[in-house]
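Engineer: Here it is, the structure in full.
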Amino acid sequence: MTDPAADDRVPLLFLPGLLCDRALWEWQVRHLSDIADSRVADLTREDSVAALAGAVLAQAPPRFALAGLSMGGYVAFEIMRRAPERVIKLALVDTTARPDGPEQMSRRRGLIGLAGSGRFRGVTPRLLPLLIHPDRQSDTLLTVTVMAMAERVGQEAFVRQQTAIMGRPDSRSGLGVIDCPTLVIGGREDALTPPELVAEIAEGIPGARHVVIEECGHLPPLERPHAVSALLRLWLMYS
């Protein structure tokens, strides 16, 4: 028998980051299930942001709330360019509206080269400090979760994702036309997307709410799941 309350839940689409899958958002899917009918998109099968956004839109409900982290944020910006009328609320987590600079492009090409030569090892302990807060390096459950996601995504999808990221457009010029309720979240100690880049998004979107989560790196849904879930609940219910 269908739960009548379920009919009132908000359709919510989560977009993972590079080398991430459903596990990134698992806590939020579970703990928002009373108010949100959630699904997590697969961002592993295409090699351009445009193609990823098209695939997401083809599978999405007619209208939905949208939350993206890092690479998922790049795809979210493309969705907002293509179908803003379908997005009822937008949440952007530790992402940037800027394209890669020369140094970032060079680093990504180097990683693609390593993967192509058979030396893909996902997220190793050496890379974890770039992703999570230094104080969480000894959190075995967290670190194993991050590394396991990378292994599941795998080498070929990693190359496709990096190719898509390198080819993404500059989204800064489109920030001012986003007119749905928008929440922008960033980790204070994010080494990959520093707080000033996240703040730039919040400042560019009219009426956006900006929240910085203390003692948190690049992956707030995993590092600070209670805080992210609480923020998303308020965003879904009251914005």
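Engineer: For the range 201-234, name all the residues that are surrounded by 21 or more Cβ atoms within 10 Å (Cβ to Cβ) and touching an Asp or Glu at 6+ places or on another chain (Cβ under 7 Å).
Structural biologist: Within the range 201-234, 216, 217, 218, 220 meet the criteria.
Engineer: Can you name every residue in the range 74-118 that is assigned to a helix (DSSP H, G or I) and of a type in the set (Val, Ile, Thr)?
Structural biologist: If the condition is that a residue be assigned to a helix (DSSP H, G or I) and of a type in the set (Val, Ile, Thr), then 75, 79, 112 are the ones that fit.
Engineer: Working only within the range 168-181, note down all residues that are of a type in the set (Val, Ile, Thr) and in a loop (DSSP other than H, G, I, E, B).
Structural biologist: Residue satisfying the conditions is 178 alone.
Engineer: Could you tell me whether residue 160 is farther than 17 Å from residue 205 by Cα and at pLDDT 95 or above?
Structural biologist: yes
Engineer: To continue, here is another question. Could you tell me whether the range 152-173 includes any residue that is small (Gly, Ala, Ser), more than 22 Å from residue 132 (Cα to Cα) and in contact with a strand residue (DSSP E or B) (Cβ under 7 Å, 6 or more places away or on another chain)?
Structural biologist: The answer is no, given that none of the residues of the range 152-173 is small (Gly, Ala, Ser), more than 22 Å from residue 132 (Cα to Cα) and in contact with a strand residue (DSSP E or B) (Cβ under 7 Å, 6 or more places away or on another chain).
Engineer: Please work out which one of (1) touching a residue at least 24 places away in the same chain (Cβ under 8 Å); (2) among the polar types (S, T, N, Q); (3) surrounded by fewer than 22 Cβ atoms within 10 Å (Cβ to Cβ) is the condition residue 173 fails and give its number.
Structural biologist: Here residue 173 clears every test but (1).
Engineer: Can you tell me which residues in the range 201-225 are among the aliphatic types (A, V, I, L, M) and part of a helix (DSSP H, G or I)?
Structural biologist: 201, 202, 222
Engineer: Now for a different question. Among the residues of the range 119-141, what is the count of those that are hydrophobic (A, V, I, L, M, F, W, C), part of a helix (DSSP H, G or I) and either in contact with a Phe, Trp or Tyr (Cβ under 8 Å, 6 or more places away or on another chain) or surrounded by 12 or more Cβ atoms within 10 Å (Cβ to Cβ) (or both)?
Structural biologist: 3
Yes or no, residue by residue, for (1) closer than 17 Å to residue 96 by Cα; (2) surrounded by 23 or more Cβ atoms within 10 Å (Cβ to Cβ); (3) more than 17 Å from the chain's Cα centre (by Cα); (4) β-branched (Val, Ile, Thr):
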{"residue": "21", "(1), (2), (3), (4)": "no, no, no, no"}
{"residue": "24", "(1), (2), (3), (4)": "no, yes, no, no"}
{"residue": "36", "(1), (2), (3), (4)": "no, yes, yes, no"}
{"residue": "54", "(1), (2), (3), (4)": "no, no, no, no"}
{"residue": "59", "(1), (2), (3), (4)": "no, no, yes, no"}
{"residue": "73", "(1), (2), (3), (4)": "yes, yes, no, no"}
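Engineer: Only one of these is in a helix (DSSP H, G or I) and more than 24 Å from residue 193 (Cβ to Cβ): 24, 57, 52. Name it.
Structural biologist: Result: 57 is the single residue among 24, 57, 52 that is in a helix (DSSP H, G or I) and more than 24 Å from residue 193 (Cβ to Cβ).
Engineer: Answer with yes or no whether residue 144 is more than 15 Å from residue 218 (Cα to Cα) and touching a Phe, Trp or Tyr at 6+ places or on another chain (Cβ under 9 Å).
Structural biologist: Judged against the criteria, residue 144 is not a match.
Engineer: Can I ask one more? Checking the structure you have, find out if any residue of the range 182-200 is in contact with a helix residue (DSSP H, G or I) (Cβ under 6 Å, 6 or more places away or on another chain), surrounded by 16 or more Cβ atoms within 10 Å (Cβ to Cβ) and in a helix (DSSP H, G or I).
Structural biologist: no
The values are calculated or read from the model by the stated rules, or taken from the named source; none is laboratory data. Here the structure is a predicted model, which is why all the values come from computation and not from measurement. A quick note on method: Cβ atoms are made from the backbone with ideal geometry, for glycine too, and the neighbour counts reach across all protein chains shown.
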